[in-house]
Amino acid sequence: MKTVAVIGTQWGDEGKGKIVDMLAADADVVVRYQGGNNAAHTLVVDGKKFVLRLVPAGALHPGKACVIGNGLVVNPIALLEEISDLKRSGHLADDALFKISYDAHMVMPYHIAIDRAREQRLGKRAIGTTGFGIGPTYEDKMARVGLRFEDLLDFKFFSEKLRRNVAEKNAYLKAILKAKPVKADEILDAMKKARRRLMPYLCDTGAYVSDAIDAGRKVLFEGAHGTMLDIDHGTYPYVTSSNCVASAVFGGTGIGPGNLDAVLGISKGYTTRVGAGPFPSEFTGYLADSLREEGDEFGSATGRPRRIGWFDAVLARYVARVNGMWALALTKLDVLTGIDPLKIVVGYQIKGKHYDRIPPSHRMLINAKPIFEEMPGWHESPASARSLAELPAKVRNYVDRIAELVGVPIAMIGVGKEREATIVVRNPFAD
Ligand code: GDP
Ligand code: IMO
Ligand code: MG
């Protein structure tokens, strides 16, 4: 297959970055299509850890084109810092291979101020956003007042638009949110400098990606967040402000549905969530704490401890449906070593009624009591396994049971954080 989308199947942090980095070896172009620097994708290569927020996780392979599609909301200052960091470590050497869509929207300081002030005011009802201004930037996009990279072509036009926005946002910040206003002059100074560095990367990325597909090149689409954080299909309102499902590839890049060959879903062998909202398979206490430590389950974007839960097959079946999933990559099986028995959610009890599918209203998940199936755990770590044959039998049984419950085959099994620590059962680019 030539075009593959990698999507998160839970509430983010499933290990997408590691899988994208691995698959990027076989791809020519790697494309982000939604979200912003609320994403944090961790790659471990030659013992060194990289956290990519906006730059696609193909960046660690020389010679691969990396594209930021129109569907993203990009903090231009954060992006330039990320590019500089990568260049310092010898990556992203060829500027001609890094592309930013003219149509992508820019996160401005007033978006960040609004995001944070709103969360503070919500108190106990806060969403637990990353505080990076993502929601307010998408709001402006839909309200047709957003600033896009194309606006930088004419800095006078950009300045006028920005000043108009700042006047309006400051009125809102001061009067409604009781927060500090932002300074238009400071933003314009920073953007004047940033503009010079950003301009060479601007590109008609829709045409660029389409041309690559037409030329028979392999294109990898890197999803951010997870399906349960999708604005339409996730646990609204405890979601992010973009579509995170595979269909967002099309709106977020400018290619059509007929151009995508496969959707690879990424899931942990258990579940985590950062931020508030329903999480039926969640558990707390000693076991959750030790799993959090073992799996290093602290948000790569904000450092917050991640909430911990069992693998939820009800959600996974739903996610397979909304994404038209070809196969599943299961990560972090090494982290489950020593937990015996393991539990898998196979249904819910909600107000006395049994559900083996996700309930029609996601709000009902707040009261969902999980129905578990128990599986024997394992005590022999699978960390050194590099093939199915080397995988301890009990790990194999667990993985096979998940595939059966979800109704999609397993393509990859993650047994460690390093690039090499993945058993590849099916490589979509080799199929
Ligand atoms: P993403 O946002 O989906 O890219 O995931 P994150 O990078 O935020 O979080 C996943 C974490 O798990 C990172 O720290 C990865 O290095 C790590 N990771 C990914 N796959 C595996 C695996 O199979 N085993 C272990 N132990 N760690 C993994
Ligand atoms: P990656 O790509 C985990 C969560 C936030 C919060 C909610 C809304 O690394 O998987 P936002 O700042 O987007 O408005 O916050 O969404 N969230 C993520 N959680 N991984 C992510 O990205 C996330 N992106 C957003 O924690 O609950
Ligand atoms: Mg992450």
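General observations
- Top-ranked residue in the range 131-152 [being closer than 19 Å to G251 by Cα, charged (D, E, K, R) and touching a helix residue (DSSP H, G or I) at 6+ places or on another chain (Cβ under 9 Å); ranked as surrounded by the most Cβ atoms within 10 Å (Cβ to Cβ)]: D140
- Look at (1) touching a residue at least 60 places away in the same chain (Cβ under 8 Å); (2) in the same structural domain as K156 (by TED's automatic domain parsing); (3) not aromatic (F, W, Y) and you find that T205 fails only one, number (2).
- Listing of strands (runs of 3 or more DSSP E) fully contained in the range 268-384 that carry 1 or more residues being crowded, with 19+ Cβ neighbours inside 10 Å and either assigned by TED's automatic domain parsing to the domain that holds A39 or in contact (Cβ under 8 Å) with a residue 60 or more places away in the chain (or both): 271-273, 327-331, 342-350, 369-375
- Considering (1) within 16 Å of ligand 2 (Cβ to nearest atom); (2) among the aliphatic types (A, V, I, L, M); (3) within 24 Å of G206 (Cα to Cα), the lone condition that L122 does not fulfil carries the number (3).
This table checks each residue for (1) touching a residue at least 60 places away in the same chain (Cβ under 8 Å); (2) within 16 Å of ligand 1 (Cβ to nearest atom); (3) buried (at least 20 other Cβ atoms within 10 Å of the Cβ); (4) over 23 Å from E119 (Cα atoms).
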position	(1), (2), (3), (4)
S159	no, no, no, yes
R164	no, no, no, yes
A167	no, no, no, no
L188	no, no, no, yes
K193	no, no, no, yes
M199	no, no, no, yes
K218	yes, no, yes, yes
T227	yes, yes, yes, no
H233	yes, no, yes, no
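- Listed by position, the strands (runs of 3 or more DSSP E) enclosed by the range 18-130 that each have at least 2 residues that are open to solvent by 10 Å² or more (accessible area, probe 1.4 Å) and either under 15 Å from A301 (Cβ atoms) or within 16 Å of ligand 3 (Cβ to nearest atom) (or both) are 41-45, 48-52.
- Pairs with Cβ under 7 Å, 6+ apart, first in the range 79-94 and in contact (Cβ under 8 Å) with a residue 12 or more places away in the chain, second part of a helix (DSSP H, G or I) and open to solvent by 80 Å² or more (accessible area, probe 1.4 Å): L80/R197
- Among the residues examined, K192 qualifies as assigned to a helix (DSSP H, G or I), modelled with pLDDT of 95 or more and under 14 Å from P76 (Cα atoms).
- In this entry, S247 passes the filter for residues that are of a type in the set (S, T, N, Q), open to solvent by 10 Å² or more (accessible area, probe 1.4 Å) and more than 15 Å from ligand 3 (Cβ to nearest atom).
- Note on the range 154-185: residues that are part of a helix (DSSP H, G or I) and closer than 17 Å to I77 by Cα amount to 6.
The values are calculated or read from the model by the stated rules, or taken from the named source; none is laboratory data. Computed from a prediction, not measured in an experiment: that's the story for all the values here. A quick note on method: Cβ atoms are made from the backbone with ideal geometry, for glycine too, and the neighbour counts reach across all protein chains shown. Remember, those area values only see protein heavy atoms, side chains included, never the ligands or the DNA or RNA. Shrake-Rupley method; radii C 1.70, N 1.55, O 1.52, S 1.80 Å.
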